Amino acid sequence: MEEKPRLARLTAIITQLQSKKIVTANYLAEKHGVSIRTIYRDIRTLEQSGIPINTEEGKGYSIMEGYHLPPVLFSEEEANALITIEQLVLKNKDESLVKNVSSAIDKIKSILKYSQKGNADLLSERVYFGGNNKEEKTSDNLMELQSAIIHFQLLEISYLSSQNQVTKRTIEPFAIYSTNGNFLLVAYCRLRNDFRIFRIDYIQSIIALQEKFTPHNLTIKEFFEQYIKDKN
């Protein structure tokens, strides 16, 4: 079993302690694929952060009865900012982004205070962004490309150029930026042996290959500085 990052494991341990009457160190170690010694350290860390954990010798751990982590609370300004972001994203041309942001904000809205829910509904009706008034969706690839960027996943794409020519490219996705309402992908193209910029809505299909690529040792700022220099 692949070991979870420590923060994710600590969060999961809190959830498991809240969902069971008593939890053993052996159970937690097997559940998270770590040693019992690691679980002991995790429990000490949680105790030091203020989580009231009871240790029952020979049995296991439990959280003090009646204790619950406080729900996430948003200020009115934070809630308004989220609603504004949602309305902005709804105008976006990428279906995968719209779908995932709307789903995420629905979950966030579910924990707003009752009075904030009404305000959020009112604000969503009073915030308007121009552009893309036909609500057209011209791509559905943004989320998959973001995943490939953070996991250094090699991709094979079918790309329709501005000259209506379709080519197959094997690419190493590097960065995404937006201009004039369109998302653009910066990627190292193995066909051209150089970086290229692809309009995401011109990508006809994507195949995620098993191969990972070596991360490129430059920032997006450095890329654009070199790109502008080359253009001049």
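The values are calculated or read from the model by the stated rules, or taken from the named source; none is laboratory data. Here the structure is a predicted model, which means the values were calculated and not measured. Heads up, the Cβs are rebuilt from the backbone with ideal geometry, glycines too, and the neighbour counts pull from every protein chain shown. Each accessible area value is taken on the protein alone, full model and side chains, heavy atoms only, with ligands, DNA and RNA left out. Shrake-Rupley method; radii C 1.70, N 1.55, O 1.52, S 1.80 Å.
Worth pointing out:
- Filtered by the rule that a residue be within 17 Å of residue 67 (Cβ to Cβ), out of contact with any His (no Cβ under 9 Å at 6 or more places or on another chain) and open to solvent by 20 Å² or more (accessible area, probe 1.4 Å), segment 15-44 gives 15, 16, 19, 20, 21, 22.
- Listed by position, the strands (runs of 3 or more DSSP E) enclosed by segment 118-232 that each have at least 3 residues that are more than 25 Å from residue 95 (Cα to Cα) are 203-212.
- Residues (among the basic types (Lys, Arg) and closer than 16 Å to residue 147 by Cα) located in segment 175-232: 212
- Filter result for residue 57 (over 26 Å from residue 9 (Cα atoms) and open to solvent by 70 Å² or more (accessible area, probe 1.4 Å)): no
- Segment 107-136 - residue that is over 13 Å from residue 84 (Cα atoms) and hydrophobic (A, V, I, L, M, F, W, C) and, of those, most open to solvent (accessible area, probe 1.4 Å): 111
- Conditions (1) of a type in the set (Ser, Thr, Tyr); (2) at pLDDT below 95; (3) exposed (fewer than 11 other Cβ atoms within 10 Å of the Cβ); number of the one not met by residue 214: (2)
- Hits in segment 174-211 (condition: open to solvent by less than 60 Å² (accessible area, probe 1.4 Å), in contact with a Leu (Cβ under 9 Å, 6 or more places away or on another chain) and without any contact (Cβ under 8 Å) to a residue 40 or more places away in the chain): 176, 187, 197
- Test set (1) open to solvent by 40 Å² or more (accessible area, probe 1.4 Å); (2) touching a residue at least 12 places away in the same chain (Cβ under 8 Å); (3) over 22 Å from residue 202 (Cβ atoms); (4) not hydroxyl-bearing (Ser, Thr, Tyr) - residue 144 fails condition number: (3)
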